[in-house]
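Let me begin by presenting the structure, written as structure tokens, before commenting on it.
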Amino acid sequence: MSKNGEMTGQELGEKLLKSVREMKAGKAKRVIQVASNEVAAARLKTGLSQSDFAQALHISARTLQEWEQGRRKPSGAARALIQIAFRHPQIIAESFKLSANKSINKAPLAPDVRN
């Protein structure tokens, strides 16, 4: 320790290295497991990002985040869609791809700026 009671850079490095070795050896003092909820599990099965999954379900990305973080729960029809997504993720992924292609085809054309 330095004169003012703080760890030196070398001491901090040694302490960090010791901690990493303990974690790799399975001797961690605390183990925290985070269980994903059914909404996050369903989205992960589809392979879609939060933004894309929200778009496929016609909800805002913020709503999806609230569901995944457990601050809100999907209701009625949304819960049914989540169950479908969990059981048949390919349907949701395919639906998203179709809707994404339609929106690309409906995009307004850029004006011709050639002279």
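The values are calculated or read from the model by the stated rules, or taken from the named source; none is laboratory data. Quick caveat, the model's predicted, so the values are computed rather than measured. So basically every Cβ, Gly included, is an ideal-geometry build from the backbone, and we count neighbours across all protein chains shown. Quick note on the areas: whole protein, heavy atoms, side chains included, nothing else; ligands and nucleic acids left out. Shrake-Rupley method; radii C 1.70, N 1.55, O 1.52, S 1.80 Å.
Before moving on, here are some points about what is shown:
- Per-peptide average of other Cβ atoms within 10 Å, ordering 38-49, 88-99, 11-22 highest first: 38-49, 88-99, 11-22
- Directionally averaged shadow of region 40-86, computed from the convex hull of its alpha-carbon atoms, nm²: 2.7 nm²
- Less than 5 angstrom separates the built amide H of Ile59 from none of the residues sequence-distant by 5 or more or on a different chain.
- Close amide H partners of Arg72, meaning residues 5 or more places away or on another chain with modelled amide H under 5 Å apart, are Trp67.
- Table column - 3J(HN,Hα) (Hz), region 74-85, Karplus curve with 6.51, -1.76, 1.60, x for Gly and Pro: x, 10, x, 4, 5, 5, 5, 5, 5, 5, 5, 4
- For the set Arg87, Arg72, the ranking by accessible area, highest first and with no ligand, DNA or RNA atoms included, is Arg87, Arg72 under a 1.4 Å probe.
- Additional length obtainable on full extension of the chain from Ala41 to Val20, 0.36 nm per residue less Cα span: 4.6 nm
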